[in-house]
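Remarks on the structure that follows.
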Amino acid sequence: MSAGAHVLVFPFPAQGHLIPLLDLAHHLVIRGITITILVTPKNLPILNPLLSKNSTINTLVLPFPNYPSIPFGIENLKDLPPNIRLTSMIHALGELYQPLLSWFRSHPSPPVEIISDIFLGWTHRLACQLGVRRFVFSPSGAMALATMYSLWQEMPSAPKDQNELFSFSKIPRCPKYPWWQISTIYRSYMEGDPVSEFTKEGMQANIASWGLIVNSFTLLEGIYFEHLRKQLGHDRVWAVGPILPKKTIDMTPPERGGTSTVSMHDLKTWLDTCEDHKVVYVCYGSQVLLTKDQMEAVASGLEKSGVHFIWCVKQPSKEHVGEGYSMIPSGFEDRVAGRGLIIRGWAPQVWILSHRAVGAFLTHCGWNSILEGIVAGVPMLACPMGADQFVGATLLAEELKVAKRVCDGANVVSKSANLARTLMESVSDQSRVEKERAKELRMAVLDAIKEDGSSDKNLTAFVKHVVGLGSEIDKG
Ligand SMILES: O=c1ccn([C@@H]2O[C@H](COP(=O)(O)OP(=O)(O)O[C@H]3O[C@H](CO)[C@@H](O)[C@H](O)[C@H]3O)[C@@H](O)[C@H]2O)c(=O)[nH]1
């Protein structure tokens with residue numbers, strides 16, 4: 001397309017952030033952009049499926065910085081011990097500033113733009129120093145991003161009562177949340193603390209960056225995109241989602257984001273025996289581990305409901321095992337044999353959701369899961385636990401009416417009888433409204449990502465913009 005359109009893609013090392021940015025990189029390569037992807041060594045295998053399809057993608061592997069509170073060898077959020085905060089990972093990666101600067105300076109034909117994750121705000125400062133442009137990649141939706149930007153711009157103080165409602169009065173429809181549901185990173189901010197100050201600087205640098213790419217689509221969050229453009233004071237905001245692997249909406253390779261821990265053959269054979277739209281898929285994303293009590297409540301709810309289900313249970317780390325996280329109650333698997341399938345570890349989620357047998361998705365409302373549920377056209381059961389998930393749940397249940405809200409909060413243990421009833425209803429006629437809405441939304445999303453749909457056009461516009469900037473820089 002253009003010599004000079006060489007872009008550095010820098011994902012944050014957490015599956016929910018890496019997966020969509022790698023998918024975006026794939027789309028950009030297909031459109032002629034030269035890509036270099038920056039990862040640390042332990043995250044390199046996640047790139048394999050992409051690299052095997054695209055020999056033209058370059059990688060830049062920089063050692064993970066030594067950081068006092070992060071144990072040696074841990075380079076991905078999913079492996080962080082329970083007592084270490086996400087902001088430590090954000091801070092640790094900031095140490096890549098100098099190595100990255102040196103790499104740019106010694107490269108014969110360095111990138112002319114940087115696309116980096118929202119948790120890598122410091123790359124804005126680096127881009128300014130290098131005289132290149134930085135684009136923020138948001139793996140969260142526009143509504144969640146608007147709330148996050150508003151918090152870091154206005155820096156409101158915490159109320160005495162964590163249950164007090166906080167209103168985002170400048171955001172359309174004035175969303176309100178109890179304070180405890182507000183962004184965890186923002187709530188953990190402590191003035192003067194170096195990690196907090198670094199996080200704040202990064203968030204504010206996002207707002208000052210040249211452009212913004214959001215994994216969402218106009219029809220889903222149009223008013224929030226309009227708001228973001230006003231909030232940022234420019235139009236360089238591209239709604240390009242849902243970013244999914246090219247031409248694999250129906251048959252995603254199982255290794256996307258991780259290697260499936262279940263044989264595809266067994267999975268397919270099992271799902272093929274189930275009736276249409278009767279299986280509930282249960283998954284809490286790539287980060288969340290359920291406590292022992294939560295595991296028991298979910299198991300008991302599934303057992304009492306009588307529904308067919310697939311339950312993806314994340315593998316606990318050493319530290320988590322001791323505390324009973326992710327422990328499947330004894331005898332449960334035998335009692336549900338035949339109608340329930342448990343996947344320990346990584347499930348091929350997009351593939352499962354697209355199977356005709358799946359009729360509902362019990363989700364923690366991570367933004368990728370929300371988009372994947374919408375693409376699959378399945379109604380959802382919302383169990384937001386933290387981060388941006390309360391915003392996602394509000395959008396799904398209250399605005400889009402495609403989900404029922406089941407429970408709220410990281411430590412909440414659902415009543416198994418209530419959960420059982422909700423699960424049963426989700427695959428029965430009682431969920432007619434959500435099922436209809438899910439079908440409509442699926443049509444809307446397919447419209448957005450088809451050739452010349454809104455997201456496809458935005459991606460083309462973004463590529464043109466990037467190429468234009470590249471040639472400006474070439475001319476000096
Ligand atoms: O067994 C699994 C588990 C997850 N996934 C995939 O992993 C991604 C998970 O992303 P998401 O649903 O967004 O959840 P998290 O992993 O929890 O993502 C983090 O990042 C998201 C994007 O910023 C936020 O919306 C979430 O709140 C935050 O927890 C999705 O693509 C899933 O398809 C699998 O394929 N198999």
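The values are calculated or read from the model by the stated rules, or taken from the named source; none is laboratory data. Model, not experiment: these values are computed from the prediction. Neighbour counts are summed over all protein chains in view; Cβ atoms, including those assigned to glycine, are modelled from backbone coordinates with ideal geometry.
One residue stands out in region 67-124 among those that are assigned to a helix (DSSP H, G or I) and among the polar types (S, T, N, Q): the one that is surrounded by the fewest Cβ atoms within 10 Å (Cβ to Cβ), namely SER106.
Kindly provide the set of residues from region 128-181 that are among the hydrophobic types (A, V, I, L, M, F, W, C) and part of a helix (DSSP H, G or I), ordered by number. Result: CYS128, LEU130, ALA142, MET143, ALA144, LEU145, ALA146, MET148, LEU151, TRP152, TRP179, TRP180.
Looking at VAL298, VAL313, VAL237, VAL280, just one residue is hydrophobic (A, V, I, L, M, F, W, C) and more than 16 Å from the ligand (Cβ to nearest atom), and that residue is VAL237.
Scan region 448-463 and tell me whether some residue there is among the hydrophobic types (A, V, I, L, M, F, W, C), in contact with a strand residue (DSSP E or B) (Cβ under 8 Å, 6 or more places away or on another chain) and not in a helix (DSSP H, G or I). Checked against the condition, which is being among the hydrophobic types (A, V, I, L, M, F, W, C), in contact with a strand residue (DSSP E or B) (Cβ under 8 Å, 6 or more places away or on another chain) and not in a helix (DSSP H, G or I), region 448-463 yields no hits at all.
Whether a residue is modelled with pLDDT of 95 or more, buried (at least 18 other Cβ atoms within 10 Å of the Cβ) and within 30 Å of LYS401 (Cβ to Cβ) was assessed, and TRP152 does not pass this test.
Considering region 7-43, the residues that are within 14 Å of the ligand (Cβ to nearest atom) and among the hydrophobic types (A, V, I, L, M, F, W, C) include one that is farthest from ILE57 (Cα to Cα), namely ALA14.
Do we find a residue being of a type outside the set (Gly, Ala, Ser), closer than 26 Å to GLN389 by Cα, under 17 Å from the mean Cα position of the chain (by Cα) and buried (at least 16 other Cβ atoms within 10 Å of the Cβ) anywhere in region 23-33? Steps first, answer last, please.
First, pick out the residues of region 23-33 that are of a type outside the set (Gly, Ala, Ser): 23-24, 26-31, 33.
Then keep just the ones that are closer than 26 Å to GLN389 by Cα; that gives 23-24.
Next, only the ones that are under 17 Å from the mean Cα position of the chain (by Cα) stay: 23-24.
Okay, now just the ones that are also buried (at least 16 other Cβ atoms within 10 Å of the Cβ), so 23-24.
Taking every residue of region 23-33 in turn, at least one turns out to be of a type outside the set (Gly, Ala, Ser), closer than 26 Å to GLN389 by Cα, under 17 Å from the mean Cα position of the chain (by Cα) and buried (at least 16 other Cβ atoms within 10 Å of the Cβ).
Residues in region 286-322 that are over 26 Å from the mean Cα position of the chain (by Cα), surrounded by 18 or more Cβ atoms within 10 Å (Cβ to Cβ) and not in a helix (DSSP H, G or I): VAL307, HIS308. Any residue at all in region 233-247 that's surrounded by 22 or more Cβ atoms within 10 Å (Cβ to Cβ), at pLDDT below 95, in contact with a His (Cβ under 7 Å, 6 or more places away or on another chain) and not in a helix (DSSP H, G or I)? Yes, region 233-247 has at least one match.
Taking region 323-406 as the region of interest, the helices (runs of 4 or more DSSP H) fully inside it that hold 2 or more residues being away from the ligand (no atom under 16 Å from the Cβ) and free of Cβ contacts under 8 Å to residues at least 60 places away in the same chain are 332-335.
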